[in-house]
Amino acid sequence: MQGQVQKVLPPFTPDGVLPAGDYPMTLQQLRVSRLVTGDGVESPTWDTLWRRQLVDNLTILVGQLWQTGIDRIFVDGSFVEDKDHPNDIDGYFECDVRSFASGQLEGALNAVDPFEVWTWSPASRRPDPNSAKHQLPMWHQYHVELYPHFPGLLSGIRDRFGNDLQFPSAFRLSRRAYLPKGIVQVVR
């Protein structure tokens, strides 16, 4: 299976990112991919154990999204780059604007999470003792940040010209050089 996954997931580009495109993967395929194992990366400091833990945490949150009817989930950030020890997994999921705006989605997700980490309120952010950043509760618990997306919602990420981007565009650009890059779509 691992050889099949490596064929689906191409090697990193010289810029250290996946080639542009969407790469559908199950959580099991992700767990045995080079994104976790480091196969072909040739880095003596590749942190396989940490990356495996991040995928375990992602699995919990993805399972909760699936329980509430969310199926289109994408992961990105330094986890899908050639960074030896990513801080976390970033991602987004597509949802209905009405269920998000009404609080129904947040309530449904928190009903299945024992720590009730599903919120994106700026007031919920707490400082991370290892950096100057304030992080969401889901980051503190799982080191994963998954954001809702619906058409018209901006990500807070800007392109090199200062334009606000929606998650699908923002997560498909390298923040190092603003070049197109690949992203993983989590599938069942």
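The values are calculated or read from the model by the stated rules, or taken from the named source; none is laboratory data. As the structure is a prediction and not an experimental result, all values here were calculated from the model. Using ideal geometry, Cβ is built from the backbone for each residue, glycine included, and neighbour counts are taken over all protein chains shown.
What pairs come up if the first residue lies in region 63-83 and is touching a residue at least 12 places away in the same chain (Cβ under 8 Å), the second is among the β-branched types (Val, Ile, Thr) and surrounded by fewer than 19 Cβ atoms within 10 Å (Cβ to Cβ), and their beta carbons are under 8 Å apart, counting only those six or more places apart or on different chains?
From residues that are touching a residue at least 12 places away in the same chain (Cβ under 8 Å), the pairs are Gln64/Val112; Gln67/Val112; Thr68/Val112; Asp82/Val41.
Which of the following residues is without any contact (Cβ under 8 Å) to a residue 24 or more places away in the chain and either among the hydrophobic types (A, V, I, L, M, F, W, C) or surrounded by 15 or more Cβ atoms within 10 Å (Cβ to Cβ) (or both): Leu35, Leu49?
The conditions single out Leu49.
Is it true that some residue in region 1-8 is at negative phi, modelled with pLDDT of 95 or more and not aliphatic (A, V, I, L, M)?
no
State all residues of region 127-151 that are assigned to a loop (DSSP other than H, G, I, E, B), under 19 Å from the mean Cα position of the chain (by Cα) and not hydrophobic (A, V, I, L, M, F, W, C); if no residue qualifies, say none.
Residues of region 127-151 assigned to a loop (DSSP other than H, G, I, E, B): 128-133, 136, 143, 150-151.
From the residues that got through so far, the ones that are under 19 Å from the mean Cα position of the chain (by Cα) too are 128, 133, 136, 143, 150-151.
Correct list: Asp128, Lys133, His143, Pro151.
Return only the number of the condition from (1) within 25 Å of Tyr92 (Cβ to Cβ); (2) at pLDDT 95 or above; (3) touching a helix residue (DSSP H, G or I) at 6+ places or on another chain (Cβ under 9 Å); (4) not small (Gly, Ala, Ser) that Trp46 does not satisfy.
Only one criterion in (1) within 25 Å of Tyr92 (Cβ to Cβ); (2) at pLDDT 95 or above; (3) touching a helix residue (DSSP H, G or I) at 6+ places or on another chain (Cβ under 9 Å); (4) not small (Gly, Ala, Ser) is unmet by Trp46, namely (1).
If I filter region 151-178 down to residues being among the hydrophobic types (A, V, I, L, M, F, W, C) and in contact with a strand residue (DSSP E or B) (Cβ under 7 Å, 6 or more places away or on another chain), which single residue comes out as nearest to Arg72 (Cα to Cα)?
Phe167
Just give me the residues in region 19-32 being over 18 Å from Ile60 (Cβ atoms) and loosely packed, with under 15 Cβ neighbours inside 10 Å, in sequence order.
Pro19, Ala20, Gly21, Asp22, Pro24
Mind telling me which of the residues Leu165, Leu136 ends up being buried (at least 17 other Cβ atoms within 10 Å of the Cβ), free of Cβ contacts under 8 Å to residues at least 24 places away in the same chain and not polar (S, T, N, Q)? It would help to see each step written out before you state the result.
Details: Leu165 fails: buried (at least 17 other Cβ atoms within 10 Å of the Cβ).
Unique residue meeting the criteria: Leu136.
For Arg34, indicate whether it is more than 21 Å from Leu165 (Cβ to Cβ), basic (Lys, Arg) and within 14 Å of the chain's Cα centre (by Cα). Steps first, please.
Working: more than 21 Å from Leu165 (Cβ to Cβ): yes; basic (Lys, Arg): yes; within 14 Å of the chain's Cα centre (by Cα): no.
When the stated conditions are applied, Arg34 does not pass them.
In region 90-126, what residues are assigned to a loop (DSSP other than H, G, I, E, B) and surrounded by 13 or more Cβ atoms within 10 Å (Cβ to Cβ)?
Across region 90-126, the qualifying residues are Cys95, Asp96, Asp113, Glu116, Val117, Trp118, Thr119, Trp120, Arg125.
If only one of Glu145, Glu42 is among the acidic types (Asp, Glu) and either in contact with a Leu (Cβ under 7 Å, 6 or more places away or on another chain) or crowded, with 20+ Cβ neighbours inside 10 Å (or both), which one is it?
Just a single option satisfies the conditions, and that option is Glu145.
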